[in-house]
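Peer 1: Quick one: the structure is below, and I'll ask about it shortly.
Values in this text are rule-based calculations from the coordinates and carry no lab data. Predicted model only: the values in this text are computed from it and were never measured. Reconstructed Cβ throughout: ideal geometry from the backbone, glycine too, with neighbour counts over all protein chains shown.
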Amino acid sequence: MRRPLIAGNWKMFKTVREAIGFAEELRNVVKDVAGVEIVVAPPFTALHAVADAVRNSNVGVGAQDLYWEAEGAFTGEVSPGMIKEAGADYAIVGHSERRRLFGETDASVNRKTRAAIAAGLTPIVCVGETLEERERAETLGVLDRQIDAGLEGIPAGQAAGLAVAYEPVWAIGTGRHATPAQAAEAHAHVRARLRQRFGADVAARCRVIYGGSVKPENVRDLLASADVDGALVGGASLDVPSFAAIVMAARPAAL
Ligand code: PGA
């Protein structure tokens, strides 16, 4: 019942020109793909150009971050309304690089998630444990804390559209992905927590996607688990053939 979501997080890669070239090529390659929600998240500078380049296609556009205020003296920040107006419908929130390098906390993730929903953006809220936390067997507790604090105060009626990305920090950009069993355990746990917070109906509709070294070669195994509803893809989303191969693998007919 959940449509798989494949989102490409470009991070700080691609100029406007490169982004447009990618978007035009991707929309052509995936034009006949049905049953998969496809999203690319370019840097802010390319958001509007990419949204233009994929208009009237089955490719959606997301921001990699946002700020929670509508406007004001917040140098360097971008508001949910600006993102929406630039043509995006999604926003990644709380990526581990933002948490680790830019001081993002569960509290800021919460404000950003609420602001994204209020602006009509679909938040893709990132959670996940570090290697030390996994080794100390704290993974499930970390996920509980990040979900509880990150999604606090969101009414069940607004939660069904949101996506949670389980991204073990040790798997991001390392080439070392979670095993399908590790992903299945974490995703089932996230789903159970969403059920506690929002009830069974809403939890059954939220997408819980996996991120961390997803490649065309491993995506099928990762998506095989019933609770893995797609992927947040970094490095392998930067080139059209590999991103398109991941999209193809997520088609309901391919699983
Ligand atoms: P990766 O990044 O696919 O390059 O590991 C994933 C992410 O950061 O979302």
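Peer 1: So which residues in the stretch 193-219 are surrounded by fewer than 18 Cβ atoms within 10 Å (Cβ to Cβ), within 18 Å of the chain's Cα centre (by Cα) and farther than 30 Å from A46 by Cβ, if there are any at all?
Peer 2: Keep residues of the stretch 193-219 that are surrounded by fewer than 18 Cβ atoms within 10 Å (Cβ to Cβ), which gives 195-197, 199-201, 204-205, 215-217.
Checking the rest, the ones that are also within 18 Å of the chain's Cα centre (by Cα) come to 204-205, 215-216.
If the condition is that a residue be surrounded by fewer than 18 Cβ atoms within 10 Å (Cβ to Cβ), within 18 Å of the chain's Cα centre (by Cα) and farther than 30 Å from A46 by Cβ, then A204, R205 are the ones that fit.
Peer 1: May I pose another question? Taking the stretch 55-92 as the region of interest, how many residues are within 12 Å of the ligand (Cβ to nearest atom) and either hydrophobic (A, V, I, L, M, F, W, C) or touching a Ser or Thr at 6+ places or on another chain (Cβ under 9 Å) (or both)?
Peer 2: Step one: list which residues in the stretch 55-92 are within 12 Å of the ligand (Cβ to nearest atom), which gives 62, 64, 92.
This time we only want the ones that are either hydrophobic (A, V, I, L, M, F, W, C) or touching a Ser or Thr at 6+ places or on another chain (Cβ under 9 Å) (or both), so: 62, 92.
Count: 2.
Peer 1: E167: closer than 23 Å to E133 by Cα and away from the ligand (no atom under 16 Å from the Cβ), yes or no?
Peer 2: Values: closer than 23 Å to E133 by Cα: yes; away from the ligand (no atom under 16 Å from the Cβ): no.
When the stated conditions are applied, E167 does not pass them.
Let's see how each residue does on (1) at positive phi; (2) free of Cβ contacts under 8 Å to residues at least 40 places away in the same chain; (3) touching a helix residue (DSSP H, G or I) at 6+ places or on another chain (Cβ under 9 Å); (4) within 15 Å of the ligand (Cβ to nearest atom):
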residue: G175; (1), (2), (3), (4): yes, yes, yes, yes
residue: A178; (1), (2), (3), (4): no, no, yes, yes
residue: F198; (1), (2), (3), (4): no, no, yes, no
residue: A204; (1), (2), (3), (4): no, no, yes, no
residue: N218; (1), (2), (3), (4): no, no, yes, yes
residue: L222; (1), (2), (3), (4): no, no, yes, yes
residue: S237; (1), (2), (3), (4): no, no, yes, yes
residue: A245; (1), (2), (3), (4): no, yes, yes, yes
residue: A253; (1), (2), (3), (4): no, no, no, no
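Peer 1: Something else about it: How about the stretch 78-99: which of its residues are of a type in the set (K, R) and either closer than 16 Å to G211 by Cα or in contact with an Asp or Glu (Cβ under 6 Å, 6 or more places away or on another chain) (or both)?
Peer 2: Keep residues of the stretch 78-99 that are of a type in the set (K, R), which gives 84, 98-99.
Passing the criteria: R98, R99.
Peer 1: Hand me the list of helices (runs of 4 or more DSSP H) wholly inside the stretch 88-172 holding 3 or more residues that are under 24 Å from G199 (Cβ atoms), touching a helix residue (DSSP H, G or I) at 6+ places or on another chain (Cβ under 9 Å) and in contact (Cβ under 8 Å) with a residue 12 or more places away in the chain.
Peer 2: On the way: elements: 96-102, 106-118, 131-135, 139-150, 156-159.
Because the criterion is at least 3 residues that are under 24 Å from G199 (Cβ atoms), touching a helix residue (DSSP H, G or I) at 6+ places or on another chain (Cβ under 9 Å) and in contact (Cβ under 8 Å) with a residue 12 or more places away in the chain, the helices (runs of 4 or more DSSP H) in the stretch 88-172 that meet it are 106-118, 139-150, 156-159.
Peer 1: Does V30 satisfy the criteria of being closer than 28 Å to A226 by Cα, of a type in the set (A, V, I, L, M, F, W, C) and touching a strand residue (DSSP E or B) at 6+ places or on another chain (Cβ under 9 Å)? Let's see the steps before the verdict.
Peer 2: Working: closer than 28 Å to A226 by Cα: yes; of a type in the set (A, V, I, L, M, F, W, C): yes; touching a strand residue (DSSP E or B) at 6+ places or on another chain (Cβ under 9 Å): yes.
Against the criterion (closer than 28 Å to A226 by Cα, of a type in the set (A, V, I, L, M, F, W, C) and touching a strand residue (DSSP E or B) at 6+ places or on another chain (Cβ under 9 Å)), V30 qualifies.
Peer 1: Suppose we keep only residues that are within 11 Å of the ligand (Cβ to nearest atom) and within 21 Å of G35 (Cα to Cα) within the stretch 224-235. Which one would you say is surrounded by the fewest Cβ atoms within 10 Å (Cβ to Cβ)? Outline the logic, then answer.
Peer 2: Taking the stretch 224-235 as the starting set, the residues that turn out to be within 11 Å of the ligand (Cβ to nearest atom) are 231-235.
Checking which are within 21 Å of G35 (Cα to Cα) leaves us with 231-233.
On the way: A231: 29, L232: 27, V233: 29.
By that ranking, first place goes to L232.
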